[in-house]
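The values are calculated or read from the model by the stated rules, or taken from the named source; none is laboratory data. These figures come from a predicted structure and were not determined experimentally. Every residue, glycine as well, gets a Cβ built from its backbone with ideal geometry; the counts of neighbours run over all protein chains shown. Heavy atoms of the whole protein, side chains included, go into the accessibility calculation; ligands, DNA and RNA do not. Shrake-Rupley method; radii C 1.70, N 1.55, O 1.52, S 1.80 Å.
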Amino acid sequence: MPWSNQGGGPWGSGGGGKGPWGSGPQPSGGSTPPDLEELLRRSQDKLRTVLPGGNLGGKGIFLILGAVILAWFAWGIYRVDTNEYGVVLRFGKFNRYAEPGLRYHWPYPFESVLTPQVTVVRQIHIGMRLVEDLRRGTTIRDVPEESLMLTGDENIVDVDFTVFWQIKPDGIKDYLFNISQQEGTVKAVAESAMREVVGRTNIQPILTGARAGVETAVLQLMQEVLDKKYGAGVLVTQVQMQKVDPPQQVIDSQRDVQAARADAERAQNEAQTYANRVVPEARGRAAQITQEAEAYREQTVAEAKGASARFLKVYDEYKKAPDVTRQRLYLETMERLFGGTEKIIMDPGVSSGAIPYLPLPELTRPGQPRSPQTQGGGR
């Protein structure tokens, strides 16, 4: 039914050839929209020219229906790329896997197919965002609500890191059906794992040489949570810490602290060097003293044993001849006592005119001439 017979069409009374848009601005070109019945009529004329016989009889309807059915069946043809893995759903439920290549499934609404990319390594930035700028290129914007973390010694550290992950080849079903927002879940688990690891580590190792250990601990914790608690079917390949610094407000004080710790380490190294030099010398001297004491002990013990053996031998001889041995001991004792002293023998019974003493020390000195006193009659 033409809109002109309805008093201006469904948008109200237009009149005056204004069409269905009323009295507002006309479409470009100033012409009114085509009549709906005119469009239908033209479509029917074109269809009659295509169909045999020129009309839509039962045969024409059958051909149209067949074409629609063929198109519906052709709708089930799909292709799985080499970096993808197909998952066929039947009435929304998992049915089977489809390997790369040209495949077919029953068209909608019976079956549908999902083709996640299993070989692509995805990355998530936490604590920072990459911003594309036409003038300055790619810039990094800090996100402090994600990057500021509390360490084990109650210090604040600013950590920006990147997580690399991909779908497990044997976990495609878990990836598609166990979690709904895969990337958001991985990001939340990564941030939570980093906060936990940083929370049990002091700030100094994190700022200096413990980054590799922190990255490994975060990766292991993430993988454990994603596998055991979520069953996400996600493989975390790498955790990379991009920036680890104190907050901007305290970075100057932190640098002073690091300088003081460097000085302390240098002093400790110097003290250790001195100790390495002095301690071996002291140990050497102690070992030398110990060896000398042991040698003295062995010498003294040997001399005592020799003296004891000599005394025992003398005692054996004494038992055989007591008088002779007693006289020998007396003479030897006198020899030891007076052998190193000056001796003068006085004879009170000497008559006048003779020297009353005998200077034995002078007589025993070799090569010395006798004094006049020794040439007299002294004895």
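What to note about this one:
- Applying D = kT/(6 pi eta Rh) to region 230-343, where Rh is the Kirkwood radius over alpha-carbon pairs, T corresponds to 25 °C and eta to 0.890 mPa s, the Stokes-Einstein value obtained is 102 µm²/s.
- When each of the peptides 258-268, 230-240, 181-191 is scored by the mean number of other C-beta atoms lying within 10 Å of its residues, the order from highest to lowest reads 230-240, 181-191, 258-268.
- Estimated translational D of region 199-245 in µm²/s (Stokes, Kirkwood radius over Cα pairs; 20 °C; 1.002 mPa s): 182 µm²/s
- Total formal charge among the other residues, if their Cβ is under 12 angstrom from that of residue 191, Lys/Arg +1 and Asp/Glu -1: -2
- When only alpha carbons are used to place a centre, region 227-260 and region 84-110 end up 42 Å from one another.
- Expressed as a whole percent, the accessible area of region 127-270 that falls on carbon and sulfur atoms is 47 (1.4 Å probe).
- Among residues other than residue 130 with Cβ under 13 Å from its Cβ, the summed charge is -1 (Lys and Arg +1, Asp and Glu -1).
- Between the C-alpha center of region 125-153 and that of region 202-220 there is a gap of 19 Å.
- Residue-normalised accessible area of region 221-266, given per residue in Å² at a 1.4 Å probe: 62 Å²
- Rg of the Cα atoms in region 282-339, relative to 2.2 N^0.38 Å, amounts to 1.83.
- Here the average projected area of the convex hull drawn through the C-alpha atoms of region 143-209 stands at 5.7 nm².
- The residues neighbouring residue 222, those whose beta-carbon lies less than 13 Å from its own, together hold a net charge of -1 under the Lys/Arg +1, Asp/Glu -1 convention.
- Rounded to the nearest 10 Å², the accessible area of residue 253 at probe 1.4 Å: 70 Å²
- Calculated SAXS-style log₁₀ I(q)/I(0) at q = 0.12, 0.14, 0.15, 0.26 Å⁻¹ - region 225-297, Debye, Cα scatterers: -0.71, -0.77, -0.80, -1.10
- Normalised alpha carbon radius of gyration of region 116-246 [divisor 2.2 N^0.38 Å]: 1.10
- Note on region 169-292: Cα convex hull, mean projected area over all directions, 13.5 nm².
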